[in-house]
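The values are calculated or read from the model by the stated rules, or taken from the named source; none is laboratory data. Because the structure is predicted, anything quoted here is derived from the model rather than measured. Heads up, the Cβs are rebuilt from the backbone with ideal geometry, glycines too, and the neighbour counts pull from every protein chain shown.
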Amino acid sequence: MDWGFANRLSRTIRPDGRCFYLAVDHGYFQGPTHRLENPGKTTEPLMKYVDAVFMPRGSVRATLNPQMDIPLILRVSGGNSMVGEDLANEEVSVSIREMIRLNAAAVGISVYVGSKYEHQTIMALAKLVDDCTDYGIPVMAVTAVGREEDKKSARYLALASRVCAEQGAAVVKTYYCDDFDKVVAGCPVPVVIAGGPRTENDLEVIQFVYDGLQQGAIGVNLGRNIWQNECPEGMARALQMVIHENASPKEAFEVFESMKAAMPKAG
Ligand code: R5P
């Protein structure tokens, strides 16, 4: 492994082998998602809990302080939107020069295995890995399912994760599911857990992250279940405890509850 690649990777995977990425990339296809109207403002209080921020270049330039002391994972695929014809119709939308200019510690791309755009998105990943390897930039592949929620099964996610790993992804981001250990076992590179829509129950989030880590994931890339929570800092702190401090879900949830209780009351 080249020094630059190893150095960038070590900034996004901590010495304990774990990672906590904050996903704030949703605007690239969802528009101004609730609580992500200003991604920089949403991200700022959470910086102290996470290891990296996953963001597209528009939000980075417009809303992130360049003096921030935290690695950027740049979202580099796009070309689709919630109101468009097909969410899977993505390509690489950022040049390699731009990735370097923005000082990306890593980049992220969505791959839609089993969709109409499977070939296009797998080849986009392969080309991105080639280009990024020339400059020592690790690539995180996202096993994207678009609106096809039924794809979140171990059988599908294991296949999609393996396909991404074989094209050279340094890290694969995929969903937690039943039999998640089989997804991890079949993927020769580290796996991070994706989030999904906000859950009703706060303990559920902490628990699925804990379970995923027990089954071999190295960390998370989570968004809505943190910054759409009533107490984003409490949830970020709780997840940091589970990821980096070997806390049990119960211990982490207690801290979440106490931070939530200490929040200033609205009105
Ligand atoms: C994935 O491709 C999305 O753009 C998000 O990065 C990912 O889904 C994680 O965010 P959330 O936890 O809100 O699902």
Among A185, A170, A165, which is away from the ligand (no atom under 16 Å from the Cβ), aliphatic (A, V, I, L, M) and out of contact with any strand residue (DSSP E or B) (no Cβ under 7 Å at 6 or more places or on another chain)? A185
Where residues in region 80-111 are in a strand (DSSP E or B) and touching a Pro at 6+ places or on another chain (Cβ under 8 Å), which of them is farthest from R147 (Cα to Cα)? A106
What's the number of the condition N7 fails, among (1) surrounded by 13 or more Cβ atoms within 10 Å (Cβ to Cβ); (2) in contact (Cβ under 8 Å) with a residue 60 or more places away in the chain? (1)
Taking into account only those residues within region 112-151 that are of a type in the set (S, T, Y) and either loosely packed, with under 14 Cβ neighbours inside 10 Å or assigned to a helix (DSSP H, G or I) (or both), which is nearest to the chain's Cα centre (by Cα)? T121
Any residue at all in region 27-35 that's surrounded by 13 or more Cβ atoms within 10 Å (Cβ to Cβ), assigned to a loop (DSSP other than H, G, I, E, B), away from the ligand (no atom under 16 Å from the Cβ) and modelled with pLDDT under 95? no
Where residues in region 165-183 are of a type in the set (G, A, S) and surrounded by fewer than 24 Cβ atoms within 10 Å (Cβ to Cβ), which of them is nearest to the chain's Cα centre (by Cα)? A170
Quick check, is G212 out of contact with any Asp or Glu (no Cβ under 7 Å at 6 or more places or on another chain) and touching a residue at least 40 places away in the same chain (Cβ under 8 Å)? no
For E44, all conditions in the list (1) crowded, with 17+ Cβ neighbours inside 10 Å; (2) within 18 Å of the chain's Cα centre (by Cα); (3) over 17 Å from V172 (Cα atoms); (4) not aliphatic (A, V, I, L, M) hold save one; what is the number of the exception? (1)
Anything in region 126-146 that is of a type outside the set (G, A, S), in contact (Cβ under 8 Å) with a residue 40 or more places away in the chain and away from the ligand (no atom under 13 Å from the Cβ)? List them, or say none. L128, V129, T133, Y135, I137, P138
Test for I70: is it over 16 Å from the mean Cα position of the chain (by Cα) and away from the ligand (no atom under 16 Å from the Cβ): no
